[in-house]
Amino acid sequence: MGELRLEELSAKTIVAANNLTLRRGQEQFVTPPTYAIADAYLSPVTSWPRVVLNEDDEVVGFIRGNFDPESTQEEFRSCIWRVTVSGDEQGKGVGRFAVVALAEEAKSRGFDRVTALWEPGDDGPEAFFLAVGFTITGQSQYGENIGVLGL
């Protein structure tokens, strides 16, 4: 893995984040980046949208976290809403880098865990979340797995 860095989503990076392409079969598990990017601006106080750039300043990933200690649903207080890595860059540490950065941000804000929700399925993100340290703790009312990463 080359050198990666995180940058706040901006006018300079939004088009590249929106154009990230996944591996075949993954699209069904991911909300289109356009929606995730729009969501980030609907709750600017709690939203944490970031792009991952490689050593050539190319956008290779996108992560959106949410930090809302007042949320009535515990799993949404410190969570990953979206993580997308370009299909060509998957398996190279980009997603792990993004999750670790979000976890560090959560810890700096006083949280002791990060949650993520995902749909189970063969081409879904479950193996990734488990590999970066999440533990499945239950299911949402919609059948999504709820994973927790202790900090």
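Structure above, values below:
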| read-out | value |
| --- | --- |
| Estimated vicinal HN-Hα couplings, Hz - the stretch 129-143 in sequence order (Karplus 6.51, -1.76, 1.60; Gly, Pro = x) | 4, 5, 5, 8, x, 6, 10, 6, 10, x, 10, 6, 5, 9, x |
| Long-range amide H partners of R113 with built H, under 5 Å | L151 |
| Under-5 Å amide H pairs with Q90, H placed in peptide plane, nonlocal only | none |
| Taking I63, I136 and counting other C-beta atoms within 10 Å, the order from fewest to most | I136, I63 |
| Order of F111, F129 under a 10 Å beta carbon neighbour criterion, fewest first | F111, F129 |
| Gained length - E58 relative to Y142, 0.36 nm times residue gap less alpha-carbon distance | 26.7 nm |
| Förster radius 30 Å - calculated FRET efficiency between S71 and L130 (Cβ-Cβ, nearest 0.05) | 0.80 |
| Karplus-derived HN-Hα couplings along the stretch 65-72 (A = 6.51, B = -1.76, C = 1.60, θ = phi - 60°), whole Hz, x at Gly and Pro | x, 9, 10, 9, x, 8, 4, 6 |
| The stretch 71-151 - charge dipole about Cα centre, Lys and Arg +1 at Cβ, Asp and Glu -1, debye rounded to 20 | 360 |
| Extended-chain gain in nm, criterion 0.36 nm per residue less alpha-carbon gap, E8 and L151 | 49.2 nm |
| Dipole magnitude (debye, nearest 20) for the chain, charges at Cβ of Lys, Arg, Asp, Glu | 140 |
| Over the stretch 45-136: Rg over Rh, Cα atoms, Kirkwood Rh | 0.96 |
| Viscosity 1.002 mPa s, temperature 20 °C, Stokes-Einstein D of the stretch 97-151 from Kirkwood C-alpha radius, µm²/s | 184 |
| Trypsin sites (Lys or Arg not before Pro) restricted to the stretch 50-145 and DSSP loop, no more than 14 other C-beta within 10 Å | R109 |
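Each reported figure results from applying straightforward, stated rules to the coordinates on display, with no laboratory input. In this text, all values refer to a predicted model and were calculated from it rather than measured experimentally. Positions of Cβ are backbone-derived with ideal geometry, glycine not excepted, and every protein chain shown enters the neighbour counts.
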